[in-house]
Structures are given as structure tokens and as C-alpha cells.
Amino acid sequence: MTEEKKDIQAFWGALYDSLYADTTDITREQLLVALDALEDMFRLREHMAVVEMPLADLNGKRVLEIGPGAGGHSALFAHHGAIVTAIDITEARAEATAAKFKLLGVDERGCRAMQGDAEKLPFPDDSFDIVYSNGVLHHTSDTGKAVDEAWRVLKPGGRAVIMLYCKSSWHYWINMWLCVGVLKGKAFGDINWLGRATEWGGKDAQTVENPITRCYTRGGIGELFGRYKNLSLRKGEFYFYLIPKLGRFYRRWQIKRYGTHPGGFLVYGEPWPMQSPLERWLGRIMGFAWFISAEKPPSPGS
Ligand SMILES: C[S@@+](CC[C@H](N)C(=O)[O-])C[C@H]1O[C@@H](n2cnc3c(N)ncnc32)[C@H](O)[C@@H]1O
């Protein structure tokens, strides 16, 4: 493993401990309630886990999730009948996902989670109906290689459903580039400054830096997914509370005004502050997420 991959593993391992250490000890009943809440939260947010993913049609489908985090998304797909394989570079995250499969009893019908690298997937060609990945591939050393690996393991006619960060967004230009990059001076002389500007949370103070974060324009996504067909893209995810400094005051007001949603528990280790309708609308125009859906063409003659 390269030094950079070891750093990636160390960062996501430390963040796992900070965010999720207190959330792994749950019963099957609690997990089922949390999964219903997760699905409901995703519907409110118009998240690709419920929009681009055909939940009603997942039964028996072979789904690969790359970078499952604590396993919330994978558990949701398995709960809808998919045969899910999950692979994460962080051992603890693979274990947390496997534990959820066990609680649901879906390990008995082939759902499994393992440690491994998005850029070197340990699966034969043409293995999966859907490859799903939320907020992962922009954090790996070679995003293009990971997107090509997703292509390789998809069956002909299969679909990639992937979220990558969007450069043409408020969050990139105002919160990160202007506030952190320019005003705090982080963008000068550090090629991975975006990594340093993002991604910490939970109960512990940050001691490890995020080595890599990348953001993409529409054209950049087109290049990454050049060999796929029927590429569709939409933007989502806008939060005023992410504005450095001022955002924390907004967040307090937002929670008082709109409340929190329990659906955040499985994926953030805490309830999710509900978005305002304005934020949802702004997300469609200048959100920080590209929700991407793209097909591997069927084999000729099929
Ligand atoms: C921002 S978290 C997203 C977790 C989850 N998908 C979610 O939406 O809650 C990024 C995840 O990507 C994983 N990751 C980063 N680089 C990876 C790689 N090269 N291969 C596999 N997983 C990777 C990390 O361990 C972490 O679980």
C-alpha cells in the first residue's frame, strides 16, 4: 500500500472513531427503526440513495457499495432485498457494515463487507448490476482509476450510481475557496488544500488531516465517465450552516426553526438538522453534490 493510501486509511479510521464509536452497539429492532428513518431522510433530501437507486426493484440485484462508511446505505439496500457487497479502505468501517448485515440476517443470503481499495477491486469483470458510491471516490489517489474499476466490475447493462463533489457550487467557491483558501490563505502552496479544508466531525478534536478531496465541473464528470452511456447528472445538498464561522449561528436557529431528523444517526452518528425549503431549492442550482447515474452498455447482440 502506498504512503498516501496509508494516510487515507488513517484519516478515515480516526474520523470513524470520532463519529461512530457510540453508535455501533444497537439491536436489530433499533437498526430497523433507524433504517426507516434513514430512508425517510433521504426522501426529504432528494438523495440519490432513493432517487437514482431503484429501491423497489432491488430484490435479488447484486449491488457493490464502494466506501460504505458505517454501513447505513448498504444496510438500506440489503433491507430492500439486494445482495450487497461493500468494500471500504478502513477496516473498522467494513466491520461496522458487516455487523449491520449480520443484525439484519442478510449475511445468510450473501451480503458481505470487506476491507479493500476502490482502485483495485478484488472482483471479476462483469460481477454487479449496480455499483453505488456516495462521497468516496473524490477522496482516493486516482479517481479515474476507481471509476474505471467500477466499469470493469459492472455487468454489461449495469449502472453506476455515484456522488462526487461539485466544483460549480456555493460550497466550493464561497465556503472553501474564498473563506478557507483565500481569506485563511490555505490554497497557496498546498496542492491538497481542499482536503485540509473539509471533512471532520464528531466528539474528538481533529489530529489527522484528510489527504485528498477533489471537486468536479460538469465537464470533468463527462471526462471521468467518458466510456459510460446515458450519463445523467443533477446537483443537490446545500447547507447554510457550512459557511465558516457564521454557519454555526445559522445552525442553532435552523434546529430551533426546523428541528432535527433521526435519519442522520446511521450515517453521521447524530440526528440531521432539517434543511429549509430554500436550501433544498438552492441545492438543485448550486449544491455541493453531483448525483451521477451512468450505464455500462449491454454487450453487442444481447
Ligand atoms: C465521506 S466517507 C463516506 C461514507 C459513506 N459512503 C457515507 O455516505 O456515509 C468516505 C469513505 O470512503 C472510504 N474510502 C476512501 N478512500 C477509499 C478507497 N480508495 N477505497 C475504498 N474506500 C475508500 C473511507 O474509508 C470512508 O468510509
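The values are calculated or read from the model by the stated rules, or taken from the named source; none is laboratory data. Just so you know, these numbers come straight off a predicted model, no measurement behind them. Note that we place each Cβ from the backbone using ideal geometry, even for glycine, and neighbour counts take in every protein chain shown. Note: areas computed on protein heavy atoms with side chains; ligands, DNA, RNA excluded. Shrake-Rupley method; radii C 1.70, N 1.55, O 1.52, S 1.80 Å.
Look at the dipole of the chain built from charges on Cβ: of G144, A75, I243, the Cα furthest out on the positive end belongs to I243.
Simple point charges give the picture: +1 on the Cβ of Lys and Arg, -1 on the Cβ of Asp and Glu, and for the stretch 52-202 a dipole about the Cα centre of about 300 debye. For the stretch 59-161, the share of accessible area belonging to carbon and sulfur comes to 47 percent (1.4 Å probe, ligands and nucleic acids excluded). Taking Lys and Arg as +1 and Asp and Glu as -1, the other residues whose beta-carbon sits under 12 Å from that of K184 total +2. By the rule of a C-alpha distance below 16 Å, with chain neighbours fewer than 8 residues away ignored, the lysines paired with K184 are K245. The charge dipole of the chain, taken about the Cα centre with unit charges on the Cβ atoms of Lys, Arg (+1) and Asp, Glu (-1), comes to about 1080 debye, rounded to the nearest 20. Using the 1.4 Å probe convention, the accessible area of the stretch 3-295 works out to 44 Å² per residue with neighbouring protein chains retained.
Sorting the segments 128-139, 245-256, 220-231 by their mean number of nearby beta carbons within 10 angstrom, highest to lowest, gives 128-139, 220-231, 245-256. Taking the charge dipole of the chain about its Cα centre, with +1 at Lys and Arg Cβ atoms and -1 at Asp and Glu Cβ atoms, the residue from F188, S127, P262 reaching farthest to the positive side is F188. Beyond 21 Å in Cα-Cα separation lie the following of the pairs K61/K155; K6/K145; K5/K235: K5/K235.
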